[in-house]
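Below is one structure, written out as structure tokens, with a few remarks after it.
Each reported figure results from applying straightforward, stated rules to the coordinates on display, with no laboratory input. None of these values were measured; they are calculated from a predicted model.
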Amino acid sequence: RNSVGIHVRRGDMTLTGHYWKILTPHYYQTCMKYFAESDFFIFSDDIDWARKNIAEVNPDFHCTIVDINDSASGYLDLVLLSHCKNYICSSGSLGKFASYYGNYDEGKIIVPVLSLDDEVIVGKRQVVKIKLTDILCDNF
């Protein structure tokens with residue numbers, strides 16, 4: 001089956017929300033629909049939120065919460081995430097870097113952007129840009 005790495009960054013972004021865009025569960029649910037019949041691997045600095053708002057509300061999707069690493073060993077999330085074929089990225093950079101380091105030339109990466117004109121460089125993968133709106137962000 002197809003592997004999809006989902007990176008959910010919240011942590012410090014929830015404290016500095018005036019600058020960062022906090023993505024809602026609707027953003028992740030919308031993105032997951034791009035990948036039918038896939039295995040989703042969810043990485044986050046807020047595992048409880050990701051479990052409750054992404055994995056548990058999407059029973060039709062096969063989701064695995066990757067909760068074996070803490071903030072001190074977050075680099076291991078980068079290594080594990082880079083082995084996925086496709087990516088759903090948050091406003092943070094970890095998912096984008098993982099896709100860059102990954103071994104797949106094909107596959108998709110979904111990134112949130114403020115404007116569809118924003119340039120996104122992620123190697124040879126197909127980029128799907130999701131424009132942020134008040135539906136997809138808590139603090140837009």
Under 5 Å from the placed amide H of Ser90, counting only residues 5+ away or on other chains, we find His7, Arg9, Gly95
Against the 2.2 N^0.38 Å rule of thumb, the C-alpha Rg of segment 33-104 sits at a ratio of 1.07
